[in-house]
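The values are calculated or read from the model by the stated rules, or taken from the named source; none is laboratory data. Note that the coordinates shown come from a computational prediction; the quantities given were computed from them, not determined experimentally. Here the Cβ positions follow ideal geometry from the backbone for every residue, glycine too, while neighbour counts run over all protein chains shown.
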Amino acid sequence: MSDFLAFLQIGFRHIVAWDAADHVLFLLALAAIYRGRDWRAALAVISAFTIGHSITLILAVTNVLVLPTRLVEFLIPVTIVATGVENLLMRDRAAHGTGARHRPVFAAIFGLVHGAGFAGYLQSLFMDNITLPLLGFNVGIELGQIVVLLVAAAVFLGADAALRGLPRRAGWPDAFQLRLITVSAAITLVATGWAVERFPR
């Protein structure tokens, strides 16, 4: 089990490291549209993302699926931009608790792209038997994502509470929408810059 634990630690550290900032930003974009009462919908979306990236991670690491690294690195920020834009377009529906049911499918498809990104890092670490290392790495990634999402949930809840205490003019977005707009717009701008930098040439 030493390989399993070693790769679990590698997976966990990878998702919380600066090198994985694009994956973390995608998680934040996914989570930004939800509140505490929406935990079931949030869980469905995060689970779909996990399934998506796990499938591609397995296929890519076993060389069943080979994708150009530069294309994957470009597509990852594109998925973040698309998620941020969707958040902005859905802010009114999200405020009323009527988010789109397609979002888990959306997250699973984008998870396929992120799994290829994880695989590029992981392939350089494998030696012979990949079963335990692959499982350990994936579990580590999931634990890291849980930590990121718990921290994000606490920050978002705190921001919503703080914004509710501010004076609000008629016609302005409520606290939740204001936080959603701010977070999603910032994430979209950062990811757009990454996509431009990584555009395959």
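Observations, loosely collected:
- Pairs linking a residue in segment 1-23 that is under 19 Å from Leu75 (Cα atoms) and charged (D, E, K, R) to a residue that is at pLDDT 85 or above and assigned to a helix (DSSP H, G or I), with Cβ atoms under 7 Å and 6 or more positions apart or on different chains, are Asp22/Ile76; Asp22/Pro77; Asp22/Ile80; Asp22/Trp194.
- The condition of being surrounded by 17 or more Cβ atoms within 10 Å (Cβ to Cβ) and in contact (Cβ under 8 Å) with a residue 60 or more places away in the chain holds for Ile80.
- Candidates Gly136, Gly120, filtered to the one that is out of contact with any His (no Cβ under 7 Å at 6 or more places or on another chain), at pLDDT 85 or above, surrounded by fewer than 23 Cβ atoms within 10 Å (Cβ to Cβ) and farther than 18 Å from Ala48 by Cβ: Gly136
- The residue list Leu88, Leu43, Leu28 contains one member that is without any contact (Cβ under 8 Å) to a residue 24 or more places away in the chain, in a helix (DSSP H, G or I) and of a type in the set (A, V, I, L, M), which is Leu43.
- Looking across Leu43, Leu71, one residue alone is under 29 Å from Asp174 (Cα atoms), surrounded by fewer than 21 Cβ atoms within 10 Å (Cβ to Cβ) and hydrophobic (A, V, I, L, M, F, W, C). It is Leu43.
- For segment 163-192, a residue qualifies if it is part of a helix (DSSP H, G or I) and not hydrophobic (A, V, I, L, M, F, W, C), and the qualifying residues are Arg164, Gln177, Arg179, Thr182, Ser184, Thr188, Thr192.
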